[in-house]
Every structure is written in C-alpha cells, then in structure tokens.
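A short write-up of the structure that comes next.
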Amino acid sequence: MVVGLLSIEAYFPAAHSLKDKRRILRGVLERIRNRHNVSVAEVGNNDIWQRASIAVCMVSNDRSFVDSALSKILTEIENNLDGEIVDYTIDLQR
C-alpha cells in the first residue's frame, strides 16, 4: 500500500476577504475531489485572506500511479486556480 500526499501553498492576490478566498478554493477543490476520487481540503492558513495550505491525499497499491496522479492533479490545480502556487511537495509513503 502506498499513501501519497500533495501539499500546496497558494497565494491569491485578488482575494480581499475570506469569502473571496473560499469562493476561489471551493470550486477548485470540488472539481479535484469529483474528477480524481481523492481526499482534498484546506488544511492551513484558514484565517489569512490571500494564502491557503491545501492537501490532497491518495492511497493505492502502485507507487508510480500515485506519483503520476498527484502530478496531474498539481497541474490541474495550477491551470484552474485563480491565484498562484508558491510551493508544493509530493510525499509517498509505503
């Protein structure tokens, strides 16, 4: 069994309130959850308007599949996020 974790730090220059940030995040997180059948949530910086910490988790029996899927999810988030990704990490645990 392989557990993959994609951690993302995002910046939203256009967000002027928590409502703006959550509106931006809600659409992207729902799309990722529905398309890829993964767990995804905002896990940090909850009270900061222009920053968010996002985590995506996936479990499988194939290490290369998890790595590939999390890389595709990262690309999809980059393309659909109304903001920019400041930092990310992909961790795979056996």
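Points to keep in mind about this one:
- Qualifying residue in the stretch 66-87 (condition: buried (at least 16 other Cβ atoms within 10 Å of the Cβ), touching a Lys or Arg at 6+ places or on another chain (Cβ under 8 Å) and either assigned to a loop (DSSP other than H, G, I, E, B) or not aromatic (Phe, Trp, Tyr) (or both)): no
- Qualifying positions in the stretch 1-24 - assigned to a strand (DSSP E or B) and small (Gly, Ala, Ser): 4, 7, 10
- Residue, farthest from residue 91 (Cα to Cα), within the stretch 27-59, restricted to residues that are of a type in the set (A, V, I, L, M) and not in a strand (DSSP E or B): 48
Every number in this text was worked out from the coordinates using simple rules, so none of it is lab data. Quick caveat: nothing in here was measured; it's all calculated off a predicted structure. Cβ atoms come from the backbone with ideal geometry, glycine included; neighbour counts cover every protein chain shown.
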